Structures are given as C-alpha cells and as structure tokens.
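My questions will all concern the structure given below.
The values are calculated or read from the model by the stated rules, or taken from the named source; none is laboratory data. In this text the structure is predicted, and so the values were computed from the model without any measurement. No Cβ is skipped: glycine too gets one built from the backbone with ideal geometry, and neighbour counts run over all protein chains shown.
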Amino acid sequence: MSGRFRLRDRAADRLVPRRAGEQTPLAAVTAILAFLAALALALGLAGGRLVENWGGKLAGTATLQIVAEGAVVEQEARAALETLRATPGVRSVRIVELGEQRGLLEPWLGTEADIESLPLPLLIDVGIDPGRLNVGALNLALAKSAPHAVFDDHGSLRSGLVTAAEGVRIFAFATLGILAVAFAAVYVLAARAAALANAPIIRTLRLVGARDSFVAAIFARRLGWLALAAGAVGTAAGLALLSILPRESAQGFYLVAIGPEGRGWLLPLLVPVAATLLGWAATRATLARLLRRWT
C-alpha cells in the first residue's frame, strides 16, 4: 500500500471506521480555538490601526487653551491667532465652538451633566507641520502676546496612546501564538487517542503491507478535514460577533471598532486554513513517531 498523500482517498479512509460522537469534543475545542483566534487577529489589526491613527493623525494637530475670564479671553484669543498665523509650520487655526466642546465632553460626562456650569477654556484647534514648527519659539512668542495661553502639540498624549496601541497589538499576536501551540497540542493528543483506539486495525494494516506513511495519512486527512470544518464554524462565529460590535464613533473612540476594515475582513479567513495545516501536520507527525515506537 502506497504512502503517497492524497487530499481524498475514500477507499483508504474506509479502512478505519468512524465511531459515532468520537470527534465531537475535538470539533468543539477546534471551533472555540478558531473563534478566539479570529478575535485575537481582529484585535491585532485594530492595534495596528490605532498606531496609525494616533501616531499619524495626532502628529499634525495641536491645541491652544486660554484659561481666563471676561475681556481678557477675547483679547488674548485675537493675539494668539495672530501669533499662530505668523508662525512657520502652522498650517491652520480654528476656534473650537462651545457646542463642539460640549459634544466632546458628553461621552465622558453623560448627557445629563450640567456642562454649561463648567469653566470651559477657549480652545483653538491648530493644524501643524511637525517638521517645520519650532515649539520653543512659539511658546516664547505666546508668552508675550497671550500669557494665559497654553500650547499643547499632543506629544506626550500621542506617545502614550501609541505605546498602548502597540501593547494591544503585541498582546493580540502573542495570544495567536499561544492559541496555535494549544491547537497543535490538542491535535497531538487527539491523534494519539485515535491511534490507540484503533490499534488492532493499524496492526492488521501493517501486517498486510501498509506503510506507516499510508496509515498516518488516513488519520491526518480525517483530523485535517475536521479542523477545516470546525475552524470555519468558529471563525464564522467570531466574524459574526465582530460585525455587530459598535463602529468608530464621531468623537473618535477607536477602541470600540476592533472589527476588521476593508480587506482586513479577508484575513480571518486564514484561520481555518491555518487550523487545517496545523491539525494535519500535528496528526501526521504524532502518528509517525507513534508507529516507529510500535515497530
């Protein structure tokens, strides 16, 4: 009997009978691992988007706050606007309306909060070119024209957010690695159990001339197809969950949108493929070692 691998070999596969319910627990574990892998992959992709959003978008923005009262605010606002417009590296300036400020605070404080009573500062949204802007010189100029103005280029905030997003991405892909190891271990145990349960049949096949590779291929195909089917079910469940999660809000709360975007929806489809390859390889290697020991 040849040991040449085939994707399907119905005649050979019938030599080892299937037992009712034998593979149900393995299919359930496979689906759960695939479900978790799809979520981990989506989280890793979301972490990459967060790094781009927070590292790229915030790099070109800054905020100027003026905390004062009465006519001083208007006077310093006009002076700050003139200073900003005359500064190289400043691309745009825009006063943030109070209504917009309230909209930014509502997700944090709730719609019932009395935002009107808060001493909100006057905010100026500044578009900058980080490569051309001299923040030190700008702060000196603002200290003369608008003493109550505080310029923030979001550097510390951006650095902290990017670090957190990179941590999310590292965690997600480390989780994928752990899930892959767990998946391979499960199939090693399943292959050993299947071989021991069918030991008389395996010995008979070897007596009539079956090669070890032929016998191992029977179990590898069986468990490989199971990994594909159960992995597809688990991945589909993961994608269904991701599809109903809230999307990115208008205020920019990116953490709620961990679902893939665009072509990113195709990447989780690799999970069943990876499950099949891992299941087949683990089963084949385990049977090969086990049969050598039996010899």
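Among residues belonging to the range 65-107 that are surrounded by 16 or more Cβ atoms within 10 Å (Cβ to Cβ) and without any contact (Cβ under 8 Å) to a residue 40 or more places away in the chain, point out the one that is farthest from the chain's Cα centre (by Cα).
Filtering the range 65-107 for residues that are surrounded by 16 or more Cβ atoms within 10 Å (Cβ to Cβ) and without any contact (Cβ under 8 Å) to a residue 40 or more places away in the chain, the one farthest from the chain's Cα centre (by Cα) comes out as Val93.
Could you give me the residue pairs with C-beta distances under 6 Å whose first residue belongs to the range 15-38 and is surrounded by 11 or more Cβ atoms within 10 Å (Cβ to Cβ), whose second residue is at pLDDT below 95 and not in a helix (DSSP H, G or I) wherever it lies, and which are 6+ apart or on separate chains?
Val16/Asn198
I would also like to ask the following. Which one of these is modelled with pLDDT of 90 or more, in the same structural domain as Leu207 (by TED's automatic domain parsing) and at negative phi: Gly264, Gly259, Gly234?
Gly234
Search the range 51-64 for residues being crowded, with 21+ Cβ neighbours inside 10 Å and not small (Gly, Ala, Ser), and hand back the single one that is modelled with the lowest pLDDT.
Result: Trp54.
Val150 is checked against (1) assigned to a helix (DSSP H, G or I); (2) β-branched (Val, Ile, Thr); (3) at pLDDT 85 or above and fails just one. What number does that condition carry?
If we test Val150 against (1) assigned to a helix (DSSP H, G or I); (2) β-branched (Val, Ile, Thr); (3) at pLDDT 85 or above, just (1) comes out false.
To continue, here is another question. Is it true that Val162 is assigned to a helix (DSSP H, G or I) and crowded, with 19+ Cβ neighbours inside 10 Å?
For Val162, the condition - assigned to a helix (DSSP H, G or I) and crowded, with 19+ Cβ neighbours inside 10 Å - is met.
Looking at the range 172-199, which of the residues that are aromatic (Phe, Trp, Tyr) and surrounded by 20 or more Cβ atoms within 10 Å (Cβ to Cβ) is nearest to Leu36 (Cα to Cα)?
Phe183
Checking the condition surrounded by 16 or more Cβ atoms within 10 Å (Cβ to Cβ), assigned to a helix (DSSP H, G or I) and without any contact (Cβ under 8 Å) to a residue 40 or more places away in the chain, which residue from Ala143, Ala230, Ala236, Ala217 passes?
The match here is Ala236.
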